[in-house]
Amino acid sequence: MAKQAFSRLGRWCSRMFAVECDPSSDPVYFALTKTPQTRQCSERQAFEKIFRKAKSFSLHVCTEDKIQRAKFYEDIKNNTIPGVSRGCSVFDVFSFHPDVKNSALRGFLVRGVADIQETGLFDELVRNPGLNVCTYVLEEDTEHWWQHLWSKAEDGRMVVVEKYCLVPAEKPEHHPSTLNIINSDVFYKFGDACKVLRECTKFIPESKELLELVDQGLPLKREGRFPVIVIEGLDATGKTTLTRSLTDTLNATLLQSPPQCLSPWRPRFDSEPALLRRAFYALGNYITAGQIDRASAHAPVIVDRYWHSTAAYGIATAVSGRVDNLPGPGSEVYRWPVDLLQPDLVLLLTVSPEERIRRLRFRGAEKTREEAELEANDRFRSKVEQAYKRIEDPACVVVDASPPPDQVLQQVLLLIKNKCHL
Ligand SMILES: Nc1ncnc2c1ncn2[C@@H]1O[C@H](COP(=O)(O)OP(=O)(O)O)[C@@H](O)[C@H]1O
Ligand SMILES: Nc1ccn([C@@H]2O[C@H](COP(=O)(O)OP(=O)(O)O)[C@@H](O)[C@H]2O)c(=O)n1
């Protein structure tokens, strides 16, 4: 057996396999076993739902290096999958050790590709050491489904190096999309976010300039005497409107995260995979922290978005499917970074989904959305809002931002007076 195949197996054994057919319900979970077991009739439904006796194959990105893996995954998603899946169904899949942090590998299952094994592309995919390529085979007499893991033999032929029987399994405690959040979607230390950007200076030269900007020391304990108030909320909940009026009323300094000085680089990082995008926003908070430190020596400081936004969007984007797939309240993913300056008060503006859509429309956005997209966005909206509310130390105070602007301002001024004695 080829060397490459051995290393593949080391990472593959004792894993579970999850197929996400429908974002509004649980994935279908399978254990991978060497020893087939007699199955209940009802379990056939799991196979019927996924495979429907059609020829299927899956690709998992298993490159060791995290940055390479993130970039390769995007490449497979945007280039390879559309090319091979015309007329097929494509599902997101996870290969993972149940409830083990950082064990999830993401991939795709393509159902209905009749002749993939006869194509040059199949050889190309199997030869790629960064991919685990599997086909799925029904053993007609026993009705067992097998996952065949492919590799290249020493003589150059494509061979099946391992076979696992798929056995329907209970859902694990943690949804597989939550397992890799720490240090991939949310960073809890300045050094961890820097490390990611340092490693990508080769292909994103802008990262070098960014690192030079943030390399000016970390203010953890604030020197300033004036209170620092952060305004958080989804897009169009009224943050810009409120932060402006608060700044005027309190004679405060208005700051934002990411800070203005990062604006030229933002589109570049927004087009990168989540790992790089999130590291960029994480560092933005540390730059804003330095500005808060200096400004709060002279006047109250109002901040338009800060850490809560970075974490809530990072978590909500990473976690697939339903809101209840989010890590539960109290999970370590909701903790404040150990070395980031803390504000005195964080206010979360909330409005009903209908009012938010009305405000977005008024601003001229989102007029032509399909119904399905609206529904998907609604799920995302709920996940961001729940994640916001679960972040701790400091937790945010929820403010109903549906009344007219002056009433929202009065309500917030009262809160600030009570909590910050301003
Ligand atoms: N309290 C409010 N009542 C009604 N409309 C509001 C209110 N606050 C803001 N808006 C309007 O909603 C839209 C989004 O507000 P904005 O302050 O830009 O939100 P954000 O900064 O959170 O994206 C704007 O057109 C704004 O005029
Ligand atoms: N402190 C911040 C601010 C924004 N963000 C990211 O930026 C996006 C929202 O920023 P935006 O500028 O479009 O929001 P608005 O202020 O326009 O409502 C979110 O999707 C987050 O991913 C962040 O991660 N951390």
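ASN183 passes every criterion in (1) open to solvent by less than 20 Å² (accessible area, probe 1.4 Å); (2) not assigned by TED's automatic domain parsing to the domain that holds LYS71 apart from (1). Confirm whether CYS62 is under 22 Å from CYS21 (Cβ atoms), buried (at least 18 other Cβ atoms within 10 Å of the Cβ) and not acidic (Asp, Glu). The answer is no for CYS62.
Of everything in the range 278-329 that is within 22 Å of VAL230 (Cα to Cα) and among the basic types (Lys, Arg), the residue that is nearest to ligand 2 (Cβ to nearest atom) is ARG305.
Of all residues being open to solvent by less than 10 Å² (accessible area, probe 1.4 Å) and of a type in the set (Ser, Thr, Tyr) in the range 124-154, which is farthest from the chain's Cα centre (by Cα)? Just the residue, please. Per the criteria, the residue is SER151. Close contacts from the range 330-344, counting a first residue that is outside the structural domain of LYS101 (by TED's automatic domain parsing) and a second that is in a loop (DSSP other than H, G, I, E, B) and among the polar types (S, T, N, Q), with Cβ to Cβ under 9 Å and a gap of 6+ residues or different chains, come to TRP336/GLN342. What are the residues in the range 300-339 that are more than 21 Å from the chain's Cα centre (by Cα) and either within 16 Å of ligand 1 (Cβ to nearest atom) or crowded, with 17+ Cβ neighbours inside 10 Å (or both), if any? PRO300, VAL301, ILE302, VAL303, ASP304, listed by residue number.
Per-residue answers, yes or no, for (1) on the phi < 0 side of the Ramachandran plot; (2) free of Cβ contacts under 8 Å to residues at least 60 places away in the same chain; (3) not assigned by TED's automatic domain parsing to the domain that holds PRO329:
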| residue | (1), (2), (3) |
| --- | --- |
| ASP99 | no, no, yes |
| LEU109 | yes, no, yes |
| GLU124 | yes, yes, yes |
| CYS134 | yes, no, yes |
| CYS194 | yes, no, no |
| LEU197 | yes, no, no |
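The values are calculated or read from the model by the stated rules, or taken from the named source; none is laboratory data. Since the model is a prediction, treat every value here as computed from it, not as a measurement. Glycine also receives a Cβ, built like all others from the backbone with ideal geometry; neighbour counts cover every protein chain displayed. Only protein heavy atoms, including side chains, enter the accessible area calculation; ligands, DNA and RNA are left aside. Shrake-Rupley method; radii C 1.70, N 1.55, O 1.52, S 1.80 Å.
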